[in-house]
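Following: one structure in structure tokens, then a few remarks.
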Amino acid sequence: MMVPESHPRYKSLLNRDRIVEAFESGVLAKGGMIAHGRGETFDYLIGENTTDVALNSIKVSAALLVLAENPVISVNGNSVALAKDEFVELAKELNGKIEVNLFYRTTEREEKIKDVFENDIKNGIVLLGIDNADKQIPGVDHLRGKVSESGIYTSDVILVPLEDGDRAEALVKMGKTVIAIDLNPLSRTARKSTISIIDELTRCIPLITEYVTEYKKMDRNELLKIVESYNNEENLRNILNLISKRLTSVDLI
């Protein structure tokens, strides 16, 4: 799709095109297209920018990922379609793992996603969840409950972009720190996760990586100070207040 960079919705249209391409290639399920459109709606409500509220969550998330002993980045079809390269860069900075986790899980989709990461695997990225999803998250009976023992099952901090709420809740019950990226502050995912970044995926992943790089130079106590004052309920209330104010003050002309 040929869209000039001067187009006011250039990035949004580019992301839509990536979603369509991923669906046509078999990486993305039909339901993923619906989920993307729903997220775009909420991006309008926050002004299609990374808010100060989201930036605070991003900083806390970066600190937690640096502090983690076994950080894992969980990806699905949508996140691979939109930000595969960005996730790879973050994984490199963390010396962490990427784990594929799908609701509409088929062998064909798994292999297509694995093919997308082929060069990254050759360059040392650890990709889990396809050939080794040998554990089940307690209380999650559908296919997103299948996880890798060396990845999500034994991780302490998990980044879960575009997540299913029941799995996020179950992972928290397992004692894990769950960092969600979700444009909908009212979703079950946002409300049940430890940290909720209410921002668009392709905007916030590079920012997380940037702060991870910076925070790797800091000592543990400094990072703990960044984390200790965070409250996710307050975070969600702040973003809802921001949306409410914006809806009553936006210039429609």
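The values are calculated or read from the model by the stated rules, or taken from the named source; none is laboratory data. Predicted, not measured: the structure shown is a model, and the values here were computed from it. A quick note on method: Cβ atoms are made from the backbone with ideal geometry, for glycine too, and the neighbour counts reach across all protein chains shown. Surface areas here come from the heavy atoms of the whole protein model, side chains and all, with no ligands, DNA or RNA. Shrake-Rupley method; radii C 1.70, N 1.55, O 1.52, S 1.80 Å.
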### Query
Val80 versus (1) in contact with a strand residue (DSSP E or B) (Cβ under 7 Å, 6 or more places away or on another chain); (2) without any contact (Cβ under 8 Å) to a residue 60 or more places away in the chain: which is the lone unmet condition?
(1)
#### Entry: Members of region 145-164 found to be outside any loop (DSSP other than H, G, I, E, B), open to solvent by less than 10 Å² (accessible area, probe 1.4 Å) and without any contact (Cβ under 8 Å) to a residue 60 or more places away in the chain, listed by number
Gly145, Val147
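Per-residue answers, yes or no, for (1) assigned to a helix (DSSP H, G or I); (2) surrounded by 22 or more Cβ atoms within 10 Å (Cβ to Cβ); (3) modelled with pLDDT of 95 or more:
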position: Glu169; (1), (2), (3): yes, no, no
position: Gly175; (1), (2), (3): no, no, yes
position: Val178; (1), (2), (3): no, yes, yes
position: Lys245; (1), (2), (3): yes, no, no
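So how many residues does region 34-84 have that are part of a helix (DSSP H, G or I), of a type outside the set (A, V, I, L, M, F, W, C) and either more than 13 Å from the chain's Cα centre (by Cα) or closer than 29 Å to Ser244 by Cβ (or both)? Even if it seems obvious, please write down each step before you answer.
Step one: filter region 34-84 for residues part of a helix (DSSP H, G or I), giving 34-45, 52-67, 77-84.
Within this subset, residues satisfying the condition of being of a type outside the set (A, V, I, L, M, F, W, C) are 36-41, 43-44, 52, 56-57, 59, 61, 77-79, 84.
Restricting the remaining residues to those that are either more than 13 Å from the chain's Cα centre (by Cα) or closer than 29 Å to Ser244 by Cβ (or both) gives 36-41, 43-44, 52, 56-57, 59, 61, 78-79.
Summing the residues that are part of a helix (DSSP H, G or I), of a type outside the set (A, V, I, L, M, F, W, C) and either more than 13 Å from the chain's Cα centre (by Cα) or closer than 29 Å to Ser244 by Cβ (or both) in region 34-84 gives 15.
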#### Entry: Tally of residues being over 19 Å from the mean Cα position of the chain (by Cα) and open to solvent by 70 Å² or more (accessible area, probe 1.4 Å) across region 196-223
7
#### Entry: Of all residues in region 142-162 being under 18 Å from the mean Cα position of the chain (by Cα) and among the aliphatic types (A, V, I, L, M), the one that is nearest to Ile198 (Cα to Cα)
Leu162
## Note on the structure
Per the filter on region 137-161, residues among the polar types (S, T, N, Q) and either out of contact with any strand residue (DSSP E or B) (no Cβ under 8 Å at 6 or more places or on another chain) or at pLDDT below 90 (or both) are Thr154
### Query
Does Ile125 qualify as being at pLDDT below 95 and within 27 Å of Met218 (Cα to Cα)?
yes
### Summary
Checked against (1) closer than 25 Å to Lys135 by Cβ; (2) within 16 Å of the chain's Cα centre (by Cα); (3) touching a residue at least 40 places away in the same chain (Cβ under 8 Å), Ile19 satisfies every condition except (1)
### Task
Give region 90-117 a look and list any residue that's open to solvent by less than 90 Å² (accessible area, probe 1.4 Å), part of a helix (DSSP H, G or I) and either of a type in the set (D, E, K, R) or out of contact with any helix residue (DSSP H, G or I) (no Cβ under 7 Å at 6 or more places or on another chain) (or both), or say none.
Ala91, Glu93, Arg109, Glu110, Glu111, Lys112, Lys114
### Task
Would you point out the residue of region 19-71, among those that are of a type in the set (Lys, Arg) and over 21 Å from Ile158 (Cα atoms), that is surrounded by the most Cβ atoms within 10 Å (Cβ to Cβ)?
Arg38
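Please pick out the residue among Lys59, Lys11, Lys84 that is within 22 Å of Glu210 (Cβ to Cβ), modelled with pLDDT of 95 or more and of a type in the set (D, E, K, R).
On the way: Lys11 fails: modelled with pLDDT of 95 or more; Lys84 fails: modelled with pLDDT of 95 or more.
The unique qualifying residue is Lys59.
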